[in-house]
1. Helix A:156-181 versus the longest principal axis of chain A: what angle, 0 to 90°, nearest 10, using Cα atoms?
2. List the pair-distance distribution P(r) of segment B:63-326, using every Cα-Cα distance, as the percent of pairs falling in each 5 Å bin from 0 up to the bin containing the longest distance, rounded to whole percents.
3. Can you give the calculated 222 nm mean residue ellipticity of chain A, where each DSSP H run of n ≥ 4 adds -39,500 (n - 2.57) and the sum is split over every residue, rounded to the nearest 500 deg cm²/dmol?
4. Tell me what chain B gives for mean residue ellipticity at 222 nm when only DSSP H runs of n ≥ 4 count, each as -39,500 (n - 2.57), the sum divided by the residue total, rounded to 500 deg cm²/dmol.
5. Go ahead and set up a Gaussian network model of chain A, Cα springs under 10 Å, then flag whichever of A:167, A:124, A:217 fluctuates most.
6. Counting pairwise Cα distances across chain A, what percent come out greater than 23 angstrom?
7. Over chain A, with a Gaussian network built from C-alpha contacts below 10 Å, which listed residue (A:27, A:207, A:173) shows the highest mean-square fluctuation?
8. Among A:180-186, B:220-226, B:32-38, how do they line up from the highest to the lowest mean number of other beta-carbon atoms within 10 Å?
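What follows is calculated from the coordinates using simple rules that are stated; it is not laboratory data. Being a predicted model, the structure only gives us computed values, none of them experimental. Counting neighbours? That spans all protein chains shown, and the Cβs are built from the backbone with ideal geometry, glycine included.
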């Protein structure tokens, strides 16, 4: 259809004007229809986001009280809260980020400042991209195999390690991108002063790219804070108050998962409250990170 | 990158130029080594994931051989495990999700690059990207408590009523309206991969040189004709890469699917029938698997199969997107 619209009308000379006018009308109608469909598609996307947020606020807002933040999980009907899942999530996310960020930072630096387009760098870049999109449940299975089975049980450490594996490729990607944005004249100026390369990188390049790298870290935190699947087989979840990293540890997503599937009204309400807390946290971090990034570019 | 370049706070302070240089050389070697080791660590990490999943599944692979992949039987009591149904469910839900998501993603990308007024592009683009940030478990809850009732009460009865009696396609819409099932899972997956595909499409549409588009507009093309005849041919390869990226994401999605797919180990001809996916089986049955049991091995074997499938899809996606990545 579109191929014909490109060629001039091919009718005889007497029909030319008529055919051209009809063709023009058809082309405008097609264009208008496609445009309308695109408006509808975008509106549908926005409505979906709105629908999720409204559902969360509708069900979660009434369930949120001070109690949620100050009481530990209790059996259904006895007025428990979400204190230990919240603390557990904070601890595991913090440790996972603390382990994953330095590794990701070094890898990103290696790719941008040292190896650039060597075969090894291309392999690392490829593998990091695969890790970025690999199913997170498989990372959970992997950590189960290497940290849970040999060390005799589910633990907060294993959960944090699984999250760290997810953090690494996110930080790698942003670090490399941000370092590559820096002009080479900056590097040449530092080298010309006689500074060694590692000082050039740590004192100048990292600083110049700091806000961009921080954005990557924020996005990584936002991503792992809501991760459920990798924690199922690593930190397992714990309905009792426990801060020990060597024991199974509670986390907000896992608690939401088990509470939402339960038949108890008050547990389901708590699951909504937890869902609202996580979503607001994650979306908040994302908005901050994206605004910061846009400001730089 | 208009930001002022920060001045290094510490100028090199070595007592002599020579001393400074030698400490710098040692520091350089250490730092370069640390960066290189970190890079190799990432390589080893992926290798270790593949090897560990394979070793974990070895017991099941040995016990069932090739029939582990083809058999549709999954009977924990009789200790017979086959991945057929979950592989089928994984592929069908992911492909259906793409069928739903790709046209919508194209619409969003078209809107964001050609139709939207400049001031709306950033906020609308960001809102669509935020869909990607919402955790999987939230989609699961939203789907389970909002979409599933909607499906079982309105949408599925409508389809069953209208098409259930027809020959051939009636099969697709047969069965009771449970609300959960393959169709609902694919719908939720479509919403989850929409932002990834839309963002990639938008980014590659923006790489089309303005001169090309202006030439087409200059010939009198409508916006649709410009996109259809100039933008899409120019970006075709990358667009397919973006779709593959969405496919890779959809294949491994766990929590949302687990909530809504119905979790039954059977292949149903009806779109509304229940099913399962590799990820949902692993997530649900892992708790019941004893350490060292054949079942645990079968679950790890499932993980290995999922890894192989998503590795191929993601590698293909990256290959197709390479021109964009390089730029």
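1. Tilt of helix A:156-181: around 40 degrees.
2. 1, 6, 11, 14, 15, 14, 12, 11, 7, 4, 2, 1, 0, 0, 0
3. Numbers: 12 runs with 201 residues, N = 297.
The per-residue figure over chain A is -22500 deg cm²/dmol.
4. Working: 14 runs with 214 residues, N = 327.
Here the helix-only value at 222 nm equals -21500 deg cm²/dmol.
5. Looking only at A:167, A:124, A:217, the largest GNM fluctuation is found for A:124.
6. Working: 29413 of 43956 pairs.
Tail fraction, whole percent: 67.
7. A:27
8. Details: A:180-186: 12.7, B:220-226: 19.0, B:32-38: 17.1.
By packing density, highest mean first, the sequence is B:220-226, B:32-38, A:180-186.
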